[in-house]
1. Test each condition in (1) within 13 Å of the ligand (Cβ to nearest atom); (2) surrounded by fewer than 17 Cβ atoms within 10 Å (Cβ to Cβ) for residue 376 and report the one that comes out false.
2. Can you say whether residue 201 is part of a loop (DSSP other than H, G, I, E, B), buried (at least 18 other Cβ atoms within 10 Å of the Cβ) and in contact (Cβ under 8 Å) with a residue 12 or more places away in the chain, as far as the supplied structure shows?
3. Quick one: how many residues across the stretch 50-59 are modelled with pLDDT of 95 or more and under 14 Å from residue 99 (Cβ atoms)?
4. All but one of (1) buried (at least 20 other Cβ atoms within 10 Å of the Cβ); (2) more than 12 Å from the ligand (Cβ to nearest atom); (3) under 29 Å from residue 147 (Cβ atoms) hold for residue 402; which doesn't?
5. Quick check on this structure: which one of 130, 115, 124 is more than 30 Å from residue 414 (Cβ to Cβ) and buried (at least 17 other Cβ atoms within 10 Å of the Cβ)?
6. So which helices (runs of 4 or more DSSP H) are wholly in the stretch 330-441 and hold at least 1 residues that are farther than 21 Å from residue 110 by Cβ and modelled with pLDDT of 90 or more?
Ligand code: HEM
């Protein structure tokens, strides 16, 4: 009996081992098949992207054509993508395929082709990846909605409105200069990036909410502003100050004189019109470019003959600011356009004189062929920046007042300030340490 039991067990175990073997063989075949299908699928995708996709006729690195990863890695992780576009355009020309479904276009053709009104053709949509889908605010909405919002807001940014806002802006610039004078008197080093942030946020807080963020007063970031710069945008709307300001409904800000009335007339509810502006103010910080613009002007100080003397004429030519923008463009690929030697001679060098008219004594013929029309830091067409005049006015005033009051010098090791910067949704400028001395002449 014991013997037959033993035989039975032996027979069963042999059977089971055989079955295990069969199962693992099946598994191996299954995995092999799945692997082969994945490989085949990817091979088909790669071949399609390289040779049959409608974008395949555009030049660009092969790796970028087959995968989103190189673009995404540089754009979302390293923050170096915007700068890489310069080399990519230099190698592949004005239209380059930078990812399977993406083209980059140089501003020399792109402004007209993408941004301007094109008769009988639909408008190019805003990037949903960047702006989100169905979000509030003027940026992502469709043509009709945009038109209504834009008309409603336009009055708050008119020449008349700008004049009304002048005293507010001057007040905050006065405060900045006062603070700088204190620092200069104490021989303190100043991180000018911070101070420009303080200024622009206080101004926009005042104009939009009737209440500054108090950054200049406290010599520090308001928690909301700090969060924005910390990149915690999702949490910014949870901030107490944000809610309180949002509830104010523009009854207190200088924009109130224009905005709600016209918003109503254009068929936007109070809440909608409020959100339009809140999203703008709390959303992206284009104001940041102010910093980039004025700082190099200070550091590369030369001839002061062209400094503006009044706030008013915001659209007047102002080479200091313009040339800074060549170095610090506000949007993706503007960087490439302004660093492209086929658009601008000696594009890496700060030479504000390039913008001067021929009749000017400092005119330099080297820049005669610069493609000045390609320079559109505020974008172009029906969705260009509505705050452009206000922004220019702020910058003119700040640069003029700083250069008038101080001799400015950078501390050692600040030369790589620009190359240190990373650009994600918001450009991360990092500190720029300068010293101010009361102006000697
Ligand atoms: C130096 C400062 C500024 C720069 C470089 C700048 C740049 C730009 C650019 C490039 C756009 C187009 C965005 C796009 O199409 O995706 C834009 C749109 C806009 N900007 Fe500015 N901006 C600045 C300051 C301001 C200020 C101070 C305000 C308001 C207080 C403002 C309000 C707006 C609004 C509302 C839009 C959307 C316009 C529309 O879609 O019709 N900007 N800006």
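The values are calculated or read from the model by the stated rules, or taken from the named source; none is laboratory data. Here the structure is a predicted model, which means the values were calculated and not measured. Neighbour counts run over all protein chains shown; Cβ positions are idealised from the backbone, glycine included.
1. Tallying (1) within 13 Å of the ligand (Cβ to nearest atom); (2) surrounded by fewer than 17 Cβ atoms within 10 Å (Cβ to Cβ), residue 376 fails exactly one: (2).
2. Against the criterion (part of a loop (DSSP other than H, G, I, E, B), buried (at least 18 other Cβ atoms within 10 Å of the Cβ) and in contact (Cβ under 8 Å) with a residue 12 or more places away in the chain), residue 201 does not qualify.
3. Number of matching residues: 1.
4. Of (1) buried (at least 20 other Cβ atoms within 10 Å of the Cβ); (2) more than 12 Å from the ligand (Cβ to nearest atom); (3) under 29 Å from residue 147 (Cβ atoms), only one is false for residue 402: (3).
5. Result: 115 is the single residue among 130, 115, 124 that is more than 30 Å from residue 414 (Cβ to Cβ) and buried (at least 17 other Cβ atoms within 10 Å of the Cβ).
6. Passing ranges, in order: 388-405.
Residue by residue, here is whether (1) more than 16 Å from residue 158 (Cα to Cα); (2) within 16 Å of the ligand (Cβ to nearest atom); (3) touching a strand residue (DSSP E or B) at 6+ places or on another chain (Cβ under 7 Å); (4) not assigned by TED's automatic domain parsing to the domain that holds residue 337 holds:
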| position | (1), (2), (3), (4) |
| --- | --- |
| 365 | yes, no, no, no |
| 371 | yes, no, no, no |
| 391 | no, yes, no, no |
| 396 | yes, yes, no, no |
| 408 | yes, no, yes, no |
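Results for (1) over 22 Å from the mean Cα position of the chain (by Cα); (2) within 26 Å of residue 375 (Cβ to Cβ); (3) at pLDDT 90 or above, shown as yes or no for each residue.
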| residue | (1), (2), (3) |
| --- | --- |
| 109 | no, yes, no |
| 117 | yes, yes, no |
| 123 | no, yes, no |
| 131 | no, yes, no |
| 142 | no, no, no |
| 169 | yes, yes, yes |
| 178 | yes, no, yes |
| 185 | yes, no, yes |
